[in-house]
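**Q** Below: one structure in structure tokens.
The values are calculated or read from the model by the stated rules, or taken from the named source; none is laboratory data. Note that this is a predicted model, so its numbers are computed, not measured. We place every Cβ from the backbone using ideal geometry, glycine too, and count neighbours over all the protein chains shown. Each accessible area value is taken on the protein alone, full model and side chains, heavy atoms only, with ligands, DNA and RNA left out. Shrake-Rupley method; radii C 1.70, N 1.55, O 1.52, S 1.80 Å.
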There are 2 protein chains.
Amino acid sequence: MKKHNFSAGPSILPDFTIKNTAEAVLNFAGTGLSLLEVSHRGKEFVAVMDETRALFKEVLNVPAGYEVVFVGGGASLQFCMVPYNLMNKKAAYLITGEWANKAAKEAKLFGEVVEVASSKDKNFNYIPKGWSVPTDADYLHITTNNTIYGTEIKKDLDVNIPLVADASSDIFSRPMDISKYAIVYGGAQKNLAPAGLTFAIVREDVLGKVERPIPTMLNYKTHMEKESMFNTPPVLPVYAALQTLKWLKQNGGLEVMHKRNNEKAELLYNAIDSSKMFKATVNDAEDRSIMNVCFVMKDEYAELEKEFQAFASSKGMVDIKGHRSVGGFRASIYNAMPIESVKALIDVMNEFTKSH
Amino acid sequence: MKKHNFSAGPSILPDFTIKNTAEAVLNFAGTGLSLLEVSHRGKEFVAVMDETRALFKEVLNVPAGYEVVFVGGGASLQFCMVPYNLMNKKAAYLITGEWANKAAKEAKLFGEVVEVASSKDKNFNYIPKGWSVPTDADYLHITTNNTIYGTEIKKDLDVNIPLVADASSDIFSRPMDISKYAIVYGGAQKNLAPAGLTFAIVREDVLGKVERPIPTMLNYKTHMEKESMFNTPPVLPVYAALQTLKWLKQNGGLEVMHKRNNEKAELLYNAIDSSKMFKATVNDAEDRSIMNVCFVMKDEYAELEKEFQAFASSKGMVDIKGHRSVGGFRASIYNAMPIESVKALIDVMNEFTKSH
């Protein structure tokens, strides 16, 4: 049976990425050796790293004055790296969910944290509007897409202090105006690579403004100066990222991805909105994520939640269970998810609805 | 042509690890999905993580009171995590090479660092003896195997303060008495896994004794409490590590590995010591690494270095070039390296010697 992988992350990757990576595990770049066992200083992998950095910049249209670094540790490690590198006394955080909360928590170890707004009052089912930014803060931190709650800041904000974004779960889903950001970072395990790789796009002129000593590995400059080869990088995830970047370019780049993602999301949200059984957890279309579509049973069908879960699983729908803090269902429809899988999910929802 | 992978790391892994990992990239645990795209919270990967932690402890005979954590970032990130978690005012470091130096450098950000001894006077070609440990230091840090210089501390030291070891390049090469250590950590990309995975074996009672706030991701307790699943772990490297641990167990465990490694090292050192053309860079047999065998051309043959390098490459010897700070050659002969490859290298050395 065909499996449709709706996992929130690690998540669906292009067949192109999977096939090429599997081949490289057996024979990397014609070396006769496995990608798992080659030196990261060998010319073959250095070429992979260089091409990955270059293609990342090209596909995302990263302007001059920015460097892209690849490290380990996940976005969670970035939560402390950002204030370590940027915060003198005060930083501003927009609280749109659990990950934003976690990021703000780390910043509190380094100084004062101002929460410019929070959507906690409604279990983070919307993006706060109309807030203002303290001009004396060193930066404003936002989470562009909130995987758990299915909300997304789909526009690049204009703010008058350095803007830092955790874009773990919507990077490469749409064109971004990187020039509006000081740092964009994220775990790569959604639209780019398997788990174990973290990216940070850093505007060079935002660094060097804090007094504190920074441990070498937590200093963005370390990785920028050594072109992500200060220490042994996560070799296989970098290789897989390169395959995905090639796939993105071959498939028309981010304008095309954005169009496809909008189509997929619109199809699914429309099916939910017109359903007698299901309802979306995010009401405002402007705030609805095009990556993670969260929905629940309407109250009168609440007792059917587990039954639908089992039915969907039996039809090949993988990982559509919602996060425990929201409940219900979550369909993550990242770049690599074909519209056919979204249609398959809608068919399953309709089939289940008709039989009840 | 058969390739013999003498890379210092990432380095040769068992065919068992490579083959099983390649298969899982195409179909993981019968899920019909790739190992690259499955949720780390799915029952199949949770089982992998649990088994990896358990088998790691079993193969290395880790006693009660210790926890094993898997994180990203490499041993280089541990260089700051160790003092962050353990250092109040003073720490002692044994300086046996570049990695020990780098570890000590990070500790200096947190307090006073006492260098108990250094072998820098002879380009780190021996392990210092007869040094004493300051009893008021919070811990002593050693690097058990010095990949660059080919020296190794092959016995588990008895010291009267907590002992911390970077065992990146000799973990699993021999039985270790873990009870003598407070923390043993390392990058996993030598005897265990591909790049992107870091392990730390932590004695639980050494934690919680520092006053400073510790960023969540840098706190060993975070990862111990969440059984290495606080955030998304490096899924594929963990899976590959499990394969290697199974291979280790199936092949008799660390006693057998130790015997094999000693045989391989003895064979190669004997060939070098009896050569008219080559000489080892480490003189004292007690200090010679059984993982990384460093050797150079004798002075009278110095001009043949590049020629031998090319000759060996043409015969399928991969990555035998020595580190730039030592020069000459380095044959890394980790667990997965069969004795036949060591014999092949010796044959190449003999053939080259005879023709000159």
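**Q** Fully extended, how many nm does the chain gain between B:Ser179 and B:Ala302 (0.36 nm per residue separation, minus their Cα-Cα distance)?
**A** Numbers: separation 123, 0.36 × 123 = 44.28 nm, distance 4.56 nm.
Length gained between B:Ser179 and B:Ala302: 39.7 nm.
**Q** Then there's this: Modelling each spin label as a point 7 Å along the Cα-to-Cβ direction, I'd like the A:Ala54/A:Lys105 distance in nm, to one decimal.
**A** 4.2 nm
**Q** Could you compute how much accessible area chains B and A hide from each other, both sides summed, with a 1.4 Å probe? Nearest 100 Å² is fine.
**A** Numbers: alone 15110 and 15150 Å², together 26260 Å².
Summed over both sides, the interface buries about 4000 Å².
**Q** With a sphere of radius 14 Å drawn around the Cβ of A:Phe329, what net charge do the other residues whose Cβ falls strictly inside it have (Lys, Arg +1; Asp, Glu -1)?
**A** Working: positive: A:Lys279, A:Lys298, A:Lys306, A:Lys315, A:Lys321, A:Arg324, A:Arg330; negative: A:Glu305, A:Glu307, A:Asp319.
Net charge in that neighbourhood comes out at +4.
**Q** Could you please put A:Thr232, B:Thr21 in sequence from largest to smallest accessible area, using a 1.4 Å probe? Please report the intermediate quantities before stating the final value.
**A** Values: A:Thr232 35, B:Thr21 0 Å².
Largest accessible area first, the residues go A:Thr232, B:Thr21.
**Q** Excluding ligands and nucleic acids, what accessible area in Å² is computed for A:Arg41 using a 1.4 Å probe, to the nearest 10?
**A** Result for A:Arg41: roughly 130 Å² accessible.
**Q** In straight Cα distance, which lysines are under 26 Å from A:Lys298, not counting same-chain residues fewer than 8 positions off?
**A** Cα-Cα hits under 26 Å: A:Lys120, A:Lys122, A:Lys264, A:Lys276, A:Lys279, A:Lys306, A:Lys315, A:Lys321, A:Lys343, A:Lys354.
**Q** Also, quick follow-up: Could I have the simple spin-label model distance between A:Asn251 and B:Glu98, label points 7 Å from Cα toward Cβ, reported in nm to one decimal?
**A** 4.0 nm
**Q** OK, next. Put the label 7 Å from Cα along Cα→Cβ for B:Glu58; what are its distances to the other copies, in nanometres, shortest first?
**A** Those separations, rounded to one decimal, come out as 4.8 nm.
**Q** Per residue of the range A:97-108, in order, report the coupling 6.51 cos²θ - 1.76 cosθ + 1.60 (Karplus, θ = phi - 60°) as ³J(HN,Hα) in whole Hz, putting x for Gly and Pro.
**A** x, 5, 5, 4, 4, 5, 5, 5, 4, 5, 4, 5
**Q** Note the distances from B:Glu351 to each other copy's matching label point, with points 7 Å along the Cα-to-beta-carbon direction, in nm, sorted shortest first.
**A** Copy-to-copy label distances at B:Glu351, shortest first: 6.2 nm.
**Q** Can you give the net charge of the other residues whose Cβ lies under 14 Å from the Cβ of A:Thr21, counting K and R as +1 and D and E as -1?
**A** On the way: positive: A:Lys19, A:Lys246; negative: A:Asp15, A:Glu23, B:Glu23, B:Glu37.
Taking every Cβ under 14 Å from that of A:Thr21, the sum is -2.
**Q** What is the sum of charges, Lys and Arg at +1 and Asp and Glu at -1, for the other residues whose Cβ falls under 14 Å from the Cβ of B:Glu305? Kindly include the intermediate steps, with their values, before the conclusion.
**A** Values: positive: B:Lys279, B:Lys298, B:Lys306, B:Lys321, B:Arg324, B:Arg330; negative: B:Asp299, B:Glu300, B:Glu303, B:Glu307.
For residues surrounding B:Glu305, the net value is +2.
**Q** Also: Which residue in A is nearest the A/B rotation axis when you measure from the C-beta atom, and what is the distance in Å?
**A** Spelled out, residue of A and its Cβ distance from the axis onto B: A:Gly72, 2.
**Q** Sticking with this one: Can you tell me the FRET efficiency between B:Glu263 and B:Lys2 if r is taken as the Cβ-Cβ distance and R0 is 25 Å, rounded to the nearest 0.05? If you can, show how the numbers build up before the last one.
**A** Numbers: r = 21 Å, r/R0 = 0.82.
Here the calculated transfer efficiency is 0.75.
**Q** Can you figure out the FRET efficiency of A:Asp284 with A:Glu225, using R₀ = 56 Å and their beta-carbon distance, to the nearest 0.05?
**A** On the way: r = 44 Å, r/R0 = 0.78.
With a Förster radius of 56 Å, E is 0.80.
**Q** Let me ask something else. Please say if chain A is rounded, prolate or oblate, where rounded means a/c under 1.5 for a ≥ b ≥ c the square roots of the C-alpha gyration tensor eigenvalues, and otherwise the choice is prolate for a/b larger than b/c and oblate otherwise?
**A** Details: a/c = 2.13, a/b = 1.21, b/c = 1.76.
Oblate.
**Q** Taking the Cα centre of chain A as the origin and placing charges on Cβ (Lys, Arg +1; Asp, Glu -1), which of A:Val25, A:Cys294, A:Asn160 is farthest toward the positive end of the dipole?
**A** Comparing the listed Cα positions along the dipole, A:Val25 ranks first.
**Q** How much of B:Asp284 can a 1.4 Å solvent probe reach, expressed as accessible area in Å² and rounded to 10?
**A** 70 Å²
**Q** Could I ask something else about it? Could you give me the ³J(HN,Hα) list for the range A:167-176, computed from phi with Karplus coefficients 6.51, -1.76, 1.60 and θ = phi - 60°, whole Hz, x at Gly and Pro?
**A** 10, 3, 10, 9, 4, 6, 8, 7, x, 10
**Q** Taking R0 as 51 Å, what's the FRET efficiency between A:Ala29 and A:Glu112 from their Cβ-Cβ distance, rounded to 0.05? Please list the in-between numbers first.
**A** Details: r = 50 Å, r/R0 = 0.98.
Computed FRET efficiency for A:Ala29 and A:Glu112: 0.55.
**Q** Right, another one. Quick one: plug the Kirkwood hydrodynamic radius of the range A:28-150 (C-alpha pairs) into Stokes-Einstein at 25 °C, 0.890 mPa s, and report D in µm²/s. Each step should come with its number before you reach the end.
**A** Numbers: Rh = 17.3 Å.
My calculation gives 142 µm²/s for D.
**Q** Roughly to the nearest percent, how much of the accessible area of the range B:15-250 is carbon and sulfur, given a 1.4 Å probe? Write down the numbers at each step before the final one.
**A** Details: 3770 of 7870 Å².
That share works out to 48 percent.
**Q** Tell me the volume per residue, in Å³, of the convex hull enclosing the alpha carbons of the protein assembly as shown. Write down the numbers at each step before the final one.
**A** Details: hull volume 109.6 nm³, N = 712.
It comes to 154 Å³ per residue, whole-number rounded.
**Q** Taking only protein heavy atoms into account and a 1.4 Å probe, give the accessible area per residue of the range B:7-124 in Å². Can you show the working numbers first?
**A** On the way: 4130 Å² over 118 residues.
The answer is 35 Å² per residue.
**Q** Label-point separation (nm) for B:Lys19 and B:Gln309, each offset 7 Å from Cα along Cα-to-Cβ?
**A** Each label point lies 7 Å from its Cα, and together they span 3.6 nm.
**Q** With chain A treated as a Gaussian network of Cα nodes joined by springs under 10 Å, which of A:Pro215, A:Pro134, A:Pro194 yields the largest mean-square fluctuation?
**A** It is A:Pro215.
**Q** Which whole-Hz ³J(HN,Hα) couplings does the range B:21-29 yield from phi under the Karplus relation 6.51 cos²θ - 1.76 cosθ + 1.60, θ = phi - 60°, glycine and proline marked x?
**A** 5, 4, 4, 5, 5, 8, 7, 8, 6
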